[in-house]
1. When you look at the Cβ of every residue in A:19-26, what mean number of other chain Cβ atoms sits within 10 Å?
2. Could you work out, residue by residue across B:389-401, how many beta carbons of other chains sit within 10 Å of that residue's beta carbon, and then give the average as an integer?
3. Taking the Cα centre of chain B as the origin and placing charges on Cβ (Lys, Arg +1; Asp, Glu -1), which of B:LEU661, B:ALA464, B:VAL68 is farthest toward the positive end of the dipole?
4. Can you give the FRET efficiency to the nearest 0.05 for B:ALA157 and B:ASP550, using r as the Cβ-Cβ distance and R₀ = 51 Å?
5. With +1 on each Lys and Arg Cβ and -1 on each Asp and Glu Cβ, and nothing else charged, work out how big the dipole of segment B:1-164 is about its Cα centre, in Debye to the nearest 20.
6. If contacts are Cα pairs under 8 angstrom and at least 6 residues apart, what is the relative contact order of chain B in percent?
7. With +1 on the Cβ of every Lys and Arg and -1 on the Cβ of every Asp and Glu, and nothing else charged, how large is the dipole of segment B:580-685 about its Cα centre, in debye rounded to the nearest 20?
8. Which value in deg cm²/dmol, rounded to the nearest 500, describes the helix-derived mean residue ellipticity at 222 nm for chain B, given -39,500 (n - 2.57) per DSSP H run of n ≥ 4 and division by the residue count?
Amino acid sequence: MTPRKTLTIALLIMALGIGYYSMNTASVLSDESHTYHGDTAWKTDVDEAMETAAAEDKPVLVYFWTTWCTYCEDYNKNAYVDPDVNDRLDDFVLLAVNLDDSSPEAKDLQQRYNANYPPQHVAITPDGELLVEINGYAETDSFIAYLDEAQSEWESR
Amino acid sequence: MIGPALIAGSMLTGLVATVLLFRGYLRRDNDYVSVITPLIGVTAGLLVVALGYLTYQFVVTDYTNAYVWNNTANYIPLLYRITGVYAGNEGSVLLWAALAAVVAFWSAARRGIASSDAKLVQGLTVGIVTYFAAMLFFDSPFTSITEEFPEMGEGVAPLDGTGLNPLLIDPYMAIHPPVMFIAYALLTMPFAIAVAHFISTIRGNGGLFSDWIGSITRWLRVSWLFLTAAIVLGSLWSYRVLGWGGIWAWDPVETAVLIPWIFLTATLHAVMNYRSRSTYATLAPAMTATTFALVIYATAIVRSGVFRSVHSFADDGIGLALLVLLAATTILGVCLPLGYWLLREPAESADDSQPWLTRANLLHLAVLGIGLLGFVSVWGLSFPVLNSYITGMEVEVTGNYYNLWSYPIVLAMLLLLGFYMDYDVEGRRRALLSLGVFTTATVLAALVAPTDSWLLATSDTNDALFYQLIGSVSALSLLPPAAYVCLTVINRALEYVPGSPSRNYQFKQVGVAMVHIGFVILVVSVAFSYLFTAQSSVIVADAEQEAALDDSGVHDVPDSAYAVEVSDYREYQRPEDPDVRNVAFSVDEVTARGDSIHETVQPVYGTVTEVNQGPEATIVQLDDSQIWLGVVGDGQADVDVSEGDRVVGVGYVMWDYLPELSQTDAVVVTDPADIGTMTNPPAALDQTRVQGSAVGLTVYEGGERLASGEAGQERYLQQDGMEVRNVFVDRGLAHDTYVIAAVDDGTASLTIRQIPLMNLMRISTGVLLAGMLVIILFDPAYGLVRAWSRRTEQPTTTETPSDD
């Protein structure tokens, strides 16, 4: 084998390596049934989320987001990797609605809870009654406080 | 009808020329050869006239053309009316087609088409031009407004256009697209030559690359010059438009244009090293052919909108047509060479004793390295799409992917470049020694970060290992390789330039040195500029009051050396003095249009000559004519108009509405809210396009007055309320001061950025471009300037074969 061929093959292998490695380590935004934010996985099917909530007797946390919203990135970086937040999120059924492309059911949710800019959160009962609204970005401490408030609202019903 | 006829004509003549060319090539005869060049000339002429005609329609705002109506408006000044020509798909394809046709004609006229090779090359070039013409025939920039919107009624021309994307209203955007399309058009020729080379080789006719190598080199170099200039202009535009991430963000569109550029750079290096029977006999033509396929790939990405929504890929005609072209150029430019290489290329005699360290091998490594850099960009754009098609999973590719993968490759390439330049002059031992020294210095520098802002990326424990590793490397590591390249390039130029008796050769060496040094300084300044941009902000709550004072306060900007003073505050709108006659018909115009606008909503103005107030309606005669305004509905009795008033109303034009009144031809049925005076027209005729707010600022740095200027924002009401910031940039020696203002209700929120090394960047791109120009002109082998002095008469073979 000539040096040039050897070099070519070495660089080709390197390119394949870069391709494989980068594809496998790219952070996943969504797959068929979930979107991912920080360490959390959110359902994307509205009906399924509502049914799960009714079956498990849990409140639903709806998250209205978009790919271009910088405060959503702040949520990903601060809130959704925080263990205290994640503990509390376990008590909710999580449902994420991308404000940019959404099904009629999602559009409906958007209108019902008046969510017209990202990020917004609403905690609701499986029947759709509003528990707590979090408009815009909340620092992690107050985000936790909101979640606690939603939980106690839910328990008092 | 003129426009479509021009397009159809160019498509026909182009088609005939293409068919005759291929026929002549296949039959190996010279029949019709005398008519082919004129035919190509006619094709080019028709396309240029079509482009000129479209430009004319924009200049005179001929809104009977839907494309004009869609891409300009009355308030837009002349320069940006011309920008409108290539603001949309159809216009930019026309620009591209016209330029490519001119290139084809120029080369046919210069070189002739008598030889069989030339026929094949021209057949391919004119074939591409014809394809563009066909695209324009089916998706024309000359579609009339009535064809686009049949409901508007026959013969109706809107009085004002919908406007131009505000982001394009910028001097850089007026020149960036033409420069880009010149580069794209020029690349058609090397593509055709390379593809013809493979066709000819496969058919046993022996290829044509070595005969045409001079021509190819010139086309490639000139394309590179224009493509580089286009990217630079695009970056300068992006710098002025807030929200585009400064001079460079890894936006898909920006990445897309970088791909052909990187690849073209690699191709130039491969072509330099082309030898017909040995080195790069296949790779150089293959890369030449592939470059154009990548241009089409880039265009398809930019134009199809695939990266904004995966689903709208082939929705519109141009998108699909580009996909077909992409497939065709990929087959010809990528698959054909690849197939030839795999199946037919004569096997090179394997010689294990070949030494590793040769100039040819080093250049090969450079070509591969640049190719790898290009791959990083191609892959970054492509794999999220591939991934979501295959697995349904969406993944995120951020600037970090591009920056962190490219960084080590760029470092390695710089070290290689330095080594090559050194090896060329100083020989093996010395070169290896200095490579060792500079590589060690690079590795050590990578570990030294004076502050956190020297690190390439803020590392995050969630990131993959590689990203964490490279992200925590210090940018200081860029300096040793950069110094290495500069030293060795200058050393080599000093060695080669004085020693050579050929003036052209000397110039070329200076050009080579300029290109490489310009590039290295550009890389360093871009990286450092991004890492060391400092930002701080301040809110001036009483900006409007302060502007009115003679001696307003100076506000210190926290965490910075800056202070600002508001000296002016204004709110404005455009157009400044709207004239209702721009958007409404006169009585004569309504009469002339007659029945064709029956039952359509139209604005009409005129002087009141009679008023009849009834219980159900008030009807108002205009200009003593047969045209009346009829005001109906609640409040019609309160409409206050009297004879002599100049009024305007919007409503349904009803022809023969009141047959019992012989002096009425038409009544424009309107309601009280839609009638007004010409100086105070109803809201429906409000012509305000742009609402702007701006503050005049004086900026101080370290207590010294730095500069004064204006910053603010403009809202484009008829374009979804799109907002554009007008930034204020003060160019300083060491850094730019960049002020962004959000002005609202008398309050100004100011963000001040200190962006370092902008001048170094400007200078280095200038050096880079000037260096390439020098090479294009003075290359002793293929330069445009042949005889500089008598001393160039010595044979060019004295030039060392692969010298850059």
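1. Numbers: counts 6, 0, 5, 12, 7, 2, 7, 12.
Whole-number average of other-chain Cβ neighbours for A:19-26 is 6.
2. 4
3. In chain B, that residue is B:ALA464.
4. On the way: r = 52 Å, r/R0 = 1.01.
The pair B:ALA157/B:ASP550 has a calculated efficiency of 0.50.
5. Here segment B:1-164 has a charge dipole of around 940 debye.
6. Reported relative contact order: 11 percent.
7. Approximately 360 debye in magnitude.
8. Values: 22 runs with 418 residues, N = 804.
Helices in chain B give a 222 nm mean residue ellipticity of -18000 deg cm²/dmol.
The values are calculated or read from the model by the stated rules, or taken from the named source; none is laboratory data. Only a predicted model underlies this, so the values are computations on that prediction, with no experimental measurement involved. Counting neighbours? That spans all protein chains shown, and the Cβs are built from the backbone with ideal geometry, glycine included. For accessibility, only protein heavy atoms count, side chains too; no ligands or nucleic acids. Shrake-Rupley method; radii C 1.70, N 1.55, O 1.52, S 1.80 Å.
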